[in-house]
1. Using θ = phi - 60° and the Karplus curve 6.51 cos²θ - 1.76 cosθ + 1.60, what whole-Hz ³J(HN,Hα) does each residue of region 71-80 get, with Gly and Pro shown as x?
2. Which loop-located trypsin sites (Lys or Arg not before Pro) does region 1-50 contain, where loop means any DSSP state but H, G, I, E or B and the Cβ has at most 10 other Cβ atoms within 10 Å?
3. Would you mind giving the average projected area, over all directions, of the Cα convex hull of region 11-85 in nm² with one decimal?
4. Counting only pairs 8 or more residues apart or on different chains, how many lysine pairs in region 7-84 have their Cα atoms under 26 Å apart?
5. Over region 7-84, what relative contact order in percent results from Cα pairs under 8 Å that are six or more residues apart?
6. Using DSSP to call loops (not H, G, I, E or B), can you name the GluC sites (Glu not before Pro) in region 20-85 whose Cβ has at most 11 other Cβ atoms within 10 angstrom?
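What follows is calculated from the coordinates using simple rules that are stated; it is not laboratory data. The structure displayed is predicted, hence computed values, not measured ones. Quick reminder, even Gly has a Cβ in these numbers, built from the backbone with ideal geometry, and neighbours come from all protein chains shown.
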Amino acid sequence: MENRRIYNRIALLRKEKNISRKELADKIGVNFQTVGYLEREEYNPSLDLAFRIAEIFELPVDVVFSTKPFKPLSELLKDANRGEK
């Protein structure tokens, strides 16, 4: 069985919280290079690691990770504004 690609918002969330790769790595118990691999989607996290990352950002796992590409934030904001009218 071929591995599915797991998409994520780790880099975006890290920048929003002003957390370095090293700081995030220390908080989740991995090497900082692993965070880079995750952000570049070169490595799929274990279920446990996905939950640890989501907990750091205080978000549900499915907000941080997906099996389908995420919509760009600009598109999400446009959709949200259309819904408010």
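1. Going residue by residue, I get 5, x, 4, 4, 5, 5, 5, 4, 4, 5 Hz, with x marking Gly and Pro.
2. Passing sites in region 1-50 are 4.
3. The Cα convex hull of region 11-85, projected and averaged over all directions, gives 5.5 nm².
4. Number of lysine pairs found: 9.
5. Relative contact order comes out at 34 percent.
6. 42, 58
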